[in-house]
Every structure is written in structure tokens, then in C-alpha cells.
Amino acid sequence: MKKRIIILGSTGSIGKNALKIVNHLKDEFELVAIAANSNVKDLIEQINTFKPEGAGIFDERHHKNLSENVNSKCRIFSGQRGIRALVREHEADIVVNSIVGAAGLLPTLDSIESGKSVALANKESLVVAGKLVMAEAKKNNVEILPVDSEHSAIWQCLIGENYSNIKNIILTASGGPFLKRNIDTYESITVEEALDHPNWDMGNKITIDSATLMNKGFEFIETHWLFGIPGDRIKIMIHPQSIVHSMVEFNDGSIKAQIGIPDMRIPIQFALTYPERKKGTVDNRSLFNSMQLEFEQPDLEQYPCLRLAIQALKVSGTAPAVLNAANEMAVNAFLRKEIKFTEIPVLIERTVKNHDVIDDPILEDYLEADRWARDYFKNEVVRNGN
Ligand code: MG
């Protein structure tokens, strides 16, 4: 029987790679529905190629354009409610969630509550509400299948292992484009420089997060929730080549690593075919040509966002939700050239410090913390001058 797949964020980098895999493994998968944020042109093309039963667009202004340009058999959904209905109303085995930001949380919960496993690329679901998401997945007996390359690596290292034998998880980080840059010149980093990542080709938001290392901070929090390991046993290691995608150290001193060229098709395909492996499309031949692997400890002065994320997990409750919302606001302000690169962590820290943390939050508390942080950022942080 074919696995039935829904892809959220189908016009983004992860979504497009997921479609390549569905296309490459036609006998394994059936694409049931897809949804995009606002790229209606690519979405129409995808619908006409893959002919899903349903399609959604988050930006409601494109609803008419979409329905007029696809086969009438395809059910069209729009807006946040529409995307949520698309997830709930289709029968499927796996939802690939590659929505950007906290907007991915409710669709993750919709997938879980309607009995679908989640191939999770939207790490913000776990950053904002990891405890709730993991508890719901357990309650509904569905799996959270990591798509992030690091978490896929950790997961693959842990297959067949007893989690109680884990000593440390070693989360690798490329260090981003500014690893070797003098920290005194960080203030003058431009949007264009920050968008030029050395190893990975990704969307704008995650590329900026990779330059500040907030992405690694989020992955630190994500690792905690996915594998149930406390923060003090998750070690972050800078590894500029992005060949070792992460490692697990066991109690007996053995360390397992998962390696490969940096290509998201590998972790995406593994999440979709798990527990099996199928023939892939990635060419690893260049891997050993001149392979040099370097590792170094991250400098928290150089990467204050990493420090903020480590602190937020320590505090937990609604703190990581506020961290995430403030980060989304700061990254957008940086992309619009309203704030400097070095102001990103400063403004996030100010927002987090002013938040009254709720310790054992329910869903509404997480959503309220997210709203509060965005309002605070808009009204206090930016208006009063940085
Ligand atoms: Mg990653």
C-alpha cells in the first residue's frame, strides 16, 4: 500500500525536495494534498503536475487565482483555517510540515490529532510548544519524524539503541558564513552577506537564523524534546564542513556519527520511507575527494543567539515561545533593513526579559505568549528606538 502524503510549504526549499522524492519513489507514495504560503504560481504548476485531491494557499488573496487555474477536481483551501482543514479533512499517513515559523504549530497539532505522523521540518513547532507537541503525539500514537538534517542524524544513530545508554548528544553546526569574520565588524554585516550560506541552500528566514546561530539554538531545544535528553547533555560543536550531521556518545565511550554530503533529500527521504530505506538520488562520490573534518567549540560571545536559546530551554514554560516570536520579528526587521545584524540578539533578549513566564502552559498560553512577544517587539522595542 502506498503511503499517503500531505506537504505543507510545498513551494519552499524542503517542500520542493519532498516533491522530488515523491516523484522519484512513485510506487511508494501518493501525494494527497499540498499547501503553500503565497507562491501561487509555483503552487499551480505543482497541482497541475502532481494532481493532488486538495491544495491550499495561506494567503487568501490568491484563492480566486488558484481555483481558476487548476482542474476543478482539486479542492481548494485558503487562509489559516483552510490549511488546518486541509490537514484534518484528507486521509493521509504523513504530513510533511515545512511551514516557516510559529505558524506551523497549529497544523502540526492538527496532523497529530487527526492521526497522521508528522515529518517535521518546522522546528518552531517544537521550539514554541515542544512539551505539548510530544505529549499529543504520544497520546494519539503517531510519530514525529525529524526532517532537520541534525535530528535525522541523531535519530539514525539511535536506531536499535536504548536511549538510557545515551551519554551526550553532539549537535554539529556549520558556524554559518561569519565563523571566521572578526566579531568587531559584525555590526556592518549586510542582508546580502547574511543570506549567503556556505553549505546549505535554504529559505531566507532559516538562512539568517543560521548566520546568527539561532537556528542551532532552536535545534538544541528541538533535540531536547525529540529525544528527551536534558540540555546539559546536548553539546554543540562547530563543524564548518557540514559532513558530520550530528553524533551520539554512549555510556561505554562509543560515538556514532551520521555523515554525508549536505543535501536535504537524504533526511527528507528517510523520514518518509522510515522504517525502511529506499534507493536515493544523492551522489556521495565527491565526499571523500579531499575530506577534512574540523571541530571546535562555539564561542557564545560570537553567537549570543545561541546563549539565549540555551537559557530559554533552561527556563522553559513559555520562554522559548517568546524567544521564537521575538526572533521572527527581529529577522524580518533585519531583512527589511530596519535593524542591524548585531541588534537581532539585543532586541530578542530585551523581549524575553520582559516576559512573565508561565511554567506549565496549555496551548492557549503558548499562543498568547507568541502574540504578546510580537506586540511587545512592535510597540516597545522598535518604537522606542533600539
Ligand atoms: Mg538543521
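The values are calculated or read from the model by the stated rules, or taken from the named source; none is laboratory data. Every value quoted in this text rests on a predicted model; they were computed, and no experiment measured them. When we count neighbours, we look across all protein chains shown, and the Cβ atoms used for this are built from the backbone with ideal geometry, even at glycine.
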> Which of the residues belonging to region 120-133 are more than 14 Å from the ligand (Cβ to nearest atom) and out of contact with any Asp or Glu (no Cβ under 8 Å at 6 or more places or on another chain)?
Replying inline: Ser125, Ala129, Lys131, Leu132, Val133
> Can you spot a residue in region 275-282 that is surrounded by fewer than 18 Cβ atoms within 10 Å (Cβ to Cβ) and either under 20 Å from the mean Cα position of the chain (by Cα) or of a type in the set (Phe, Trp, Tyr) (or both)?
Replying inline: no
>> Given the options Val128, Val95, name the one that is more than 18 Å from Glu150 (Cβ to Cβ) and either without any contact (Cβ under 8 Å) to a residue 24 or more places away in the chain or in contact with a Leu (Cβ under 6 Å, 6 or more places away or on another chain) (or both).
In response: Val128
> Would you pick out the residues in region 303-331 that are on the phi > 0 side of the Ramachandran plot and among the hydroxyl-bearing types (Ser, Thr, Tyr)?
Replying inline: Ser316
> Looking at region 60-87, which of its residues are surrounded by 14 or more Cβ atoms within 10 Å (Cβ to Cβ) and under 23 Å from the mean Cα position of the chain (by Cα)?
Replying inline: Ser78, Gly79, Gly82, Ile83, Arg84, Ala85, Leu86, Val87
> Out of region 159-188, which residues are touching a Lys or Arg at 6+ places or on another chain (Cβ under 8 Å) and of a type in the set (A, V, I, L, M)?
Replying inline: Ile166, Ile169, Ile170, Leu171, Ala173
> Taking the condition on the phi > 0 side of the Ramachandran plot, free of Cβ contacts under 8 Å to residues at least 60 places away in the same chain and within 15 Å of the ligand (Cβ to nearest atom), does Gly176 pass?
Replying inline: yes
> Among the numbered criteria (1) over 22 Å from the mean Cα position of the chain (by Cα); (2) assigned to a helix (DSSP H, G or I); (3) in contact (Cβ under 8 Å) with a residue 12 or more places away in the chain, which single criterion is violated by Asp375?
Replying inline: (3)
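Yes/no matrix, rows are residues, columns are (1) more than 18 Å from Ala257 (Cβ to Cβ); (2) over 14 Å from the mean Cα position of the chain (by Cα); (3) within 14 Å of the ligand (Cβ to nearest atom); (4) in a loop (DSSP other than H, G, I, E, B):
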residue	(1), (2), (3), (4)
Asp209	yes, no, yes, no
Phe218	yes, no, yes, no
Glu222	yes, no, yes, no
Trp225	yes, no, no, no
Pro240	no, yes, no, yes
His245	no, yes, yes, no
> Going through region 144-166 one residue at a time, which ones are more than 16 Å from the ligand (Cβ to nearest atom) and buried (at least 16 other Cβ atoms within 10 Å of the Cβ)?
Replying inline: Leu158, Ile166
> Assuming Asp27 fulfils every condition listed in (1) part of a loop (DSSP other than H, G, I, E, B); (2) modelled with pLDDT of 95 or more; (3) touching a helix residue (DSSP H, G or I) at 6+ places or on another chain (Cβ under 9 Å) apart from one, which condition is it?
Replying inline: (3)
> So which residues in region 320-340 are closer than 20 Å to Leu195 by Cβ and crowded, with 21+ Cβ neighbours inside 10 Å?
Replying inline: Asn327, Glu328, Met329, Ala330, Val331, Phe334
> In the set Glu343, Glu296, Glu349, which member is touching a strand residue (DSSP E or B) at 6+ places or on another chain (Cβ under 6 Å), modelled with pLDDT of 95 or more, surrounded by fewer than 20 Cβ atoms within 10 Å (Cβ to Cβ) and closer than 29 Å to Ile189 by Cβ?
Replying inline: Glu296
> All but one of (1) part of a helix (DSSP H, G or I); (2) surrounded by 14 or more Cβ atoms within 10 Å (Cβ to Cβ); (3) away from the ligand (no atom under 14 Å from the Cβ) hold for Ile261; which doesn't?
Replying inline: (1)
> Can you tell me which of Asp201, Asp232, Asp184, Asp252 is away from the ligand (no atom under 15 Å from the Cβ) and assigned to a loop (DSSP other than H, G, I, E, B)?
Replying inline: Asp252
> Has region 341-352 got at least one residue that is under 22 Å from the mean Cα position of the chain (by Cα) and in a loop (DSSP other than H, G, I, E, B)?
Replying inline: yes
>> Just to check your reading of the model, which residue among Lys205, Lys116, Lys138, Lys180 is basic (Lys, Arg) and crowded, with 22+ Cβ neighbours inside 10 Å?
In response: Lys116
